[in-house]
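Data first, discussion second: the structure below is written as structure tokens.
The values are calculated or read from the model by the stated rules, or taken from the named source; none is laboratory data. In this text, all values refer to a predicted model and were calculated from it rather than measured experimentally. Cβ sites come from the backbone with ideal geometry, for glycine too, and all protein chains shown count toward neighbours.
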Amino acid sequence: MIRFTTIMEECRDLWQKFSPHKRAWDEWDLMYAFHDQATYTFNFMVHERDGKPDGLIPLVYDSSDGSHELFGGCYPDSRVLWINIADFPEYFAQFPDKTVLFDLKGAFVDEVLAAHPQYQPNFVEEDDQFFLLPASFGYDFVNHINTFSKDKRKGFLYDLRKFRERNPELVSSEDDESELFIKLSVKNFGADSDHSSEAGKEEVRRVVRELKRSGYLRTLTIAVDGEKQAVSMSALYGNNWIALYSSSNNDYSNLGKLLNVETIQEGCRLRVGEVNYMTGMTWKKAWNMQSVHCRTMRKPAKPATLPVSPAA
């Protein structure tokens, strides 16, 4: 049978019981930093057999749009549900309408669909999670750049060298630079920015505020001619570096490239095990990052997009 629990203390205990505690996203303290207490309500699904819990899907209810998603929302990636795959139909039947499970690990979804192919239409959205393992290039990203093709490597290093001739000022800190990030994002993309709306701005402020309060925030700013023109804000949890927010003034060619390189180098200097660049954005693939395929589940299934017929 399946039951739901909304009691935070019980949810935390269940999380501790079922989590494999292998990745940063497996840890309650980090995940709670992404949990908007004003909007989200715990609604964990617990599968029991003979009165004992034997599976968990950590759902939360989003009161802003009436949907359910996994604890931590859309930030964590390559997630695996802590269930017996044979029980998936039982869970699915009790998922509330408007349930979205973002960026599940592709290999896990493959197992689910091999056992239960009828759910294929619910898993049509795909993406890739990108990451780097600094030990594989001796904790110096330049060694990774040296694996690029000759022409690509030459151009890449030239771009960095030319920008450094401007003597940019790089500052690493634990400061909350959410307002700088929002300003740069809106400047670059206007109304198309995810952070142009008040809700989008407040989401960044809330997450960064919680990461700072918890001691996980790591910030890098780059100033040009004395004015900050780029910022990245990451989460450092244990041996994991998670690159969350990054923006640079697009008026400065190759500033974004320098920002990303130096963000990665900061993780290398701390000798982290993984630099997680999350999902999306083609430049990550172009930089030869490793990747894990991800798929999102929706109930109900997302309507299929019909091809547009050419005009007669």
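Laid out as a table, the results:
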| quantity | calculated |
| --- | --- |
| Complete set of residues in segment 36-77 that are of a type in the set (Asp, Glu), at pLDDT 95 or above and touching a Lys or Arg at 6+ places or on another chain (Cβ under 7 Å) | GLU48 |
| TRP283 being closer than 30 Å to ASN146 by Cβ and surrounded by fewer than 20 Cβ atoms within 10 Å (Cβ to Cβ) | yes |
| Residues being touching a residue at least 24 places away in the same chain (Cβ under 8 Å) and among the small types (Gly, Ala, Ser) - total across segment 200-214 | 1 |
| Residues of segment 132-144 that turn out to be touching a Phe, Trp or Tyr at 6+ places or on another chain (Cβ under 6 Å) and crowded, with 17+ Cβ neighbours inside 10 Å, as a count | 1 |
| Scan of segment 250-286 for residues that are of a type in the set (S, T, N, Q), touching a residue at least 40 places away in the same chain (Cβ under 8 Å) and either in contact with a Gly (Cβ under 9 Å, 6 or more places away or on another chain) or under 22 Å from SER136 (Cβ atoms) (or both), ordered by number | ASN250, THR263, GLN265, ASN276, THR279 |
| Test: residue in segment 157-164 that is assigned by TED's automatic domain parsing to the domain that holds GLY72 and aromatic (Phe, Trp, Tyr) | no |
| Test: TYR252 is touching a helix residue (DSSP H, G or I) at 6+ places or on another chain (Cβ under 9 Å), part of a loop (DSSP other than H, G, I, E, B), of a type in the set (Ser, Thr, Tyr) and modelled with pLDDT of 95 or more | yes |
| Matching option when the condition is part of a loop (DSSP other than H, G, I, E, B) and of a type in the set (Asp, Glu), among ASP36, ASP13, ASP54 | ASP36 |
| Scan of segment 173-214 for residues that are farther than 21 Å from LEU255 by Cα and basic (Lys, Arg), ordered by number | LYS201, ARG205, ARG206, ARG209, LYS212, ARG213 |
| Scan of segment 215-228 for residues that are crowded, with 23+ Cβ neighbours inside 10 Å and touching a residue at least 60 places away in the same chain (Cβ under 8 Å), ordered by number | none |
| Any hit, segment 63-82, residues being assigned to a strand (DSSP E or B), surrounded by fewer than 20 Cβ atoms within 10 Å (Cβ to Cβ) and in contact with a Cys (Cβ under 9 Å, 6 or more places away or on another chain) | no |
| Members of segment 279-290 found to be in a strand (DSSP E or B) and within 13 Å of the chain's Cα centre (by Cα), listed by number | THR279 |
| Residue ID - farthest from TRP82 (Cα to Cα), chosen from residues in segment 6-26 that are over 18 Å from the mean Cα position of the chain (by Cα) and of a type in the set (Asp, Glu) | GLU9 |
| Single unsatisfied condition, PHE189 versus (1) surrounded by fewer than 18 Cβ atoms within 10 Å (Cβ to Cβ); (2) modelled with pLDDT of 95 or more | (2) |
| Residue that is farthest from LEU217 (Cα to Cα), among those in segment 39-51 that are of a type outside the set (Val, Ile, Thr) and part of a loop (DSSP other than H, G, I, E, B) | ASP50 |
| Subset of segment 112-126 [surrounded by 14 or more Cβ atoms within 10 Å (Cβ to Cβ) and closer than 17 Å to ASN84 by Cα] | VAL112, LEU113, HIS116, TYR119 |
